[in-house]
Every structure is written in structure tokens, then in C-alpha cells.
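No lab work stands behind these numbers, since they all come straight from the coordinates. Keep in mind it's a predicted model, so treat the numbers as computed, not measured. All Cβ positions, glycine included, derive from the backbone under ideal geometry; neighbour counts span all protein chains shown.
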Amino acid sequence: MLNLSESERAMLWDELAQSIEGYARRVDDLNVSPKLNPSALRTVLAAFDFESAVSPTEAIRFAAESLSEHQVHTPHPRYFGLYNPAPTTMGIAADALVAAFNPQLAAWSHSPFAAEVERHLIEQLGRRFGYPAASIDGTFCSGGAEANHTGLLAAITHAFPGFAESGSRNLAGQPALYISTDAHDSIRKAARVSGIGSAAVRTVPVDSRYRMDLAALSAAINEDRANGLLPFLIVGTAGTTSSGTVDPLHELADIAWRESLWFHVDAAWGGAAALSPVVRDSVAGLERADSITFDAHKWLSVPMGAGVFITRHPKILSRTFETVNAYMPRDASGLDIVDPFSHSLQWSRRFIGLKVFLSLLVAGWDGYRKAIEHQVRMGELLRTRLAESGWRIVNDTPLPLVCFAPKSMTDPSDREPIDRIAQFVVRSGVAWISSTILGGKHATLRACITNYRTQPDDVEALVNVLAQARSSSQ
Ligand SMILES: *Cc1c(COP(=O)(O)O)cnc(C)c1O
């Protein structure tokens, strides 16, 4: 039963193709978000005790129908959400192919094609981000959180060469790293689980445009040094999760250089701006980072998970992750190769890069440039239409992410009216947006053009449902 017969497989692939194609054709007509009812779902699932067999096609149909009914449809053109795109068709096909061939990305010799595709992609992306070709190194990751964790570990290994062996125990003081109030919390989590503790994370306030405040950063570094802390890392964000804001990367690079600190840029979403001349300037300075987090499963629209960690320090990943062991294959010894497991937090690993490779092969950089520019235009349209419809725009970014609040709002820290509006929109099923807090204090609505298929009609539908939400909440 684990391997189905040829005729069963034929029927199964048929059913699978229909499920995938059916969803692609139907998703625009679905409610963007589901009704949330955990007990109903548990009741349905409780009936499956795995004592009696279900036919393969029935099983696929059940899964596809259930997903269709019980998820936020991130591939929907009116999902204005958290960077979860509509997956590329080639990405979907790539993930199926990877599951079938099951290449093992731990040792190079087990899947030379897969390992070299990923090496090639890292180099290509590194060049697009402005790194000199000869010094580019990196690894594919599960996502941005793992890439940020990798960046933290690389930075700490660079600053404290004894860390790999002795951990933080033998350090002369508390290590310190610097992020802005609006940086992604995966950095804090990485600090916790890497053993340096969340106390290592110094949160620098943001300026009036929600960018890391440079004077406050310099002051914090000075004060920490005076108090015996050991600064080792500045993390800038190129496209914050809440507002798409890009920290002043050149200035952060200057400070990092002056203070001899590692400079990591979390460009999980915003890094894709480097692929279009229209918005490339907004991430200028990215090339000065010691390392970069980039998420192909965000603006490159491949299925999750596809993070990338890229550095211009070719030795640092080996120094951070390489271990010596007896059991890994030795087939490639003597060849000029890198075993992926020696560059990564992961060991056995799936072929993450294929979905990026096949999407790029078919769309080309130019296809991506067009998609990015379309989304930027839709972002501008949304910004304009919201301003015309009486909303106050509160963020400042050329990237297609709009933060906005009712003009009538008197207390910018009051999240309640903001949440009510977001909830109204989500429950309507017409669109999905969220709310968030900027700079640790300003409540805002947040709508992001995550989908390359979003059109002016979709923007208009959002503006309309927002108008209803506002009047019903007054
Ligand atoms: C999404 C995001 C992350 C986390 O990435 P995952 O892929 O969810 O692990 C980190 N930083 C930023 C700026 C992000 O937008």
C-alpha cells in the first residue's frame, strides 16, 4: 500500500492534477478567509482512526476540499497580507518533482545536480544584490527565520572565534546586537536559542519614518561598551514586516565599519527590489552587508519554504557549521565541492532551490522585474485610492505596502478601532488585511500587494470594503 500500482497511480495523478488545476481556476471566486471553527474540524478528523483504508483518489479529494474550505487563500488576488504570495506554477511543479526524486541535500555527492543548482542560484542572487562574484557564499534555508538565525551564528562566530567550542560561557561579557523596534522577532528568537540570550538584543528606537534611529544606535553602542558589553552585530531591515520600511543601510554600514561589527541585512521581502531598476535604489547599501537574509517564498513567489542566507565571507559558514563525523559519504573527497550540511543548520534537507531555479528558467529575471513593477504600481494605486477615500497614510516606502488609519482617529496608540476595521474586512471574505503596531506605539492597518495577479479591480474592492468597515465602526 505504500507504493501504489501503476493503474492506481494513473488515477491518483489525474485526481491530483485536477485538484491543483481546479484550485488555480477557482481561487479568485472563493472567500479569501475561512470561518474559524476548531471544534468542527476536530470532529471531522476524529472520524479518521486509520483502521480502515480510504482510496487514494478519495484521500486526495478530501485533502484538497478541506484545504479549500479551511485556509486563508494566500494565492487569492485580494489577499493583502503578510508576504505570502500566489505560488508560481513552475514552483508547484518543482516541489512535486522534488518530492518524487527525493534528492538528499546533506552530502554533495548524493545529489550533485541539486547542490550545484543551489550554489549557482546563491551566486546569481548574490550578484544581483551587488556582491563581488568571487566572494559569494550562502545556503538555502527553510525561511527567513532560519536565515536570520544563520546570520546571528555567523556574526558571533566571526566576532568570538571561541564561541563554537565554549559557547558564551567563556566570553568576557554579555554579547550585544542591535535591531530596530520594527525588526523581525526571529532575531530575538535566534538570540534566545543560540544561548546568548534575549538580553543580548538591544532594541533601537525608530525615527519619525520608522527607520532605525542612527543617533540612538551610536549612543547605545557607546553606552554598552562603557558598561562592559560586547557589541558584535547590527541587523538592518530592508523592508520591515509591519511597514515595508528600509533602514538607512549605507549609514548602518558606516557605523558597523567604524565599530568593527558584523552588518546583517534582513531583506526577506524587500531584497527583491534589487531586481527592478524602478525600486532598486530603495535598497541601496545592501551590497555592503556582511550577510543577507532573503526569502524566495515571499516576493519571488515560490511555495514555502525557501529562505536564502548569502554572505560575502566565503569561509564563515564552514567555520560556523562544519563538523567532523565518520558516517557521511566520502564519495566526493578530493573534489572541489562543498557539502551542504557543513554550511547549514539543517542536515538532511530537501532540494529547496529547484522551485526557484525552474521559476527563473521560465520567467527569467525580466519576468520577475515585470511582476515586481506591476506590484509596485498596484501599491501606488492603493496608496492613492486610500488617501482619496479619506484614510491617513502613515508609512513611507516605495514598496507596495500601505499602512493607514482613519483620519478621525485621535489616539494613535489605540489598537481597538483599527482591529475592528481589520476584522470587518477579514470577516467579509472580500479581502484579507491585518493590523499592526509601528515603532512600538502607533496602531495601523496594513495592506500589502503580495500577489502578482492583483489588479486595479481588486484594489478597488478593498477600498470599498474598507469604506463599509469604517462607517460600520463609527
Ligand atoms: C517574513 C520575514 C522573516 C521571517 O521569515 P520566515 O520565512 O517567515 O521564516 C524575517 N524577517 C522579515 C523582514 C520578514 O519579512
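The figures follow:
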item	result
Efficiency of FRET from Cβ geometry, Glu322 and Leu4, R₀ 41 Å, rounded to 0.05	0.50
Where labels lie 7 Å past Cα in the beta-carbon direction, separation of Ala100 and Ala387 in nm	5.0
Alpha carbon Rg of the stretch 23-113, scaled by the compact-globule rule 2.2 N^0.38 Å	1.42
Per-selection Rg to Rh, the chain - Cα, Kirkwood hydrodynamic radius	0.98
The stretch 1-35: trypsin sites (Lys or Arg not before Pro) in DSSP coil with no more than 11 other Cβ atoms inside 10 Å	Lys35
Size of charge dipole - the chain - debye, nearest 20, with Cβ of Lys, Arg +1 and Asp, Glu -1, no other charges	780
Cross-link table Lys189/Lys298; Lys35/Lys298; Lys370/Lys441; Lys189/Lys441; Lys298/Lys441, entries beyond 31 Å C-alpha to C-alpha	Lys370/Lys441
Relative contact order for the stretch 343-474, counting Cα pairs under 8 Å that sit 6 or more residues apart, in percent	25
DSSP bridge orientation in the stretch 171-325 - percent antiparallel, rounded to nearest 5	30
Where chymotrypsin sites (Phe, Trp or Tyr not before Pro) fall in DSSP loop in the stretch 285-343, at most 10 other Cβ within 10 Å	Tyr327
Rounded to whole Å, sorted largest first: equivalent-ellipsoid semi-axes of the stretch 404-470, Cα gyration tensor	22, 13, 10
Cβ crowding within 10 Å averaged over residues, with 232-239, 140-147 ranked highest first	232-239, 140-147
Nearest-0.05 FRET efficiency for Arg192 and Tyr23, computed from C-beta distance (R0 41 Å)	0.60
Cα gyration tensor shape of the stretch 341-405, rounded if a/c is under 1.5, else prolate or oblate by comparing a/b with b/c	oblate
Normalised contact order of the stretch 135-202, rounded percent, pairs of Cα under 8 Å and 6 or more residues apart	35
Principal axis box of the stretch 259-390, alpha-carbon based, largest edge first, Å	66, 43, 24
Cleavage-rule hits, trypsin sites (Lys or Arg not before Pro), the stretch 369-470, DSSP coil, Cβ neighbours within 10 Å at most 11	Lys407, Lys441
Normalised contact order of the chain, rounded percent, pairs of Cα under 8 Å and 6 or more residues apart	22
Size of the stretch 147-224 as Cα extents on the principal axes (Å, biggest first)	43, 26, 18
Arg377/Lys407 FRET efficiency (R0 22 Å; Cβ-Cβ; nearest 0.05)	0.30
Dimensions (Å) - the stretch 108-161, Cα atoms, principal axes, largest first	34, 27, 22
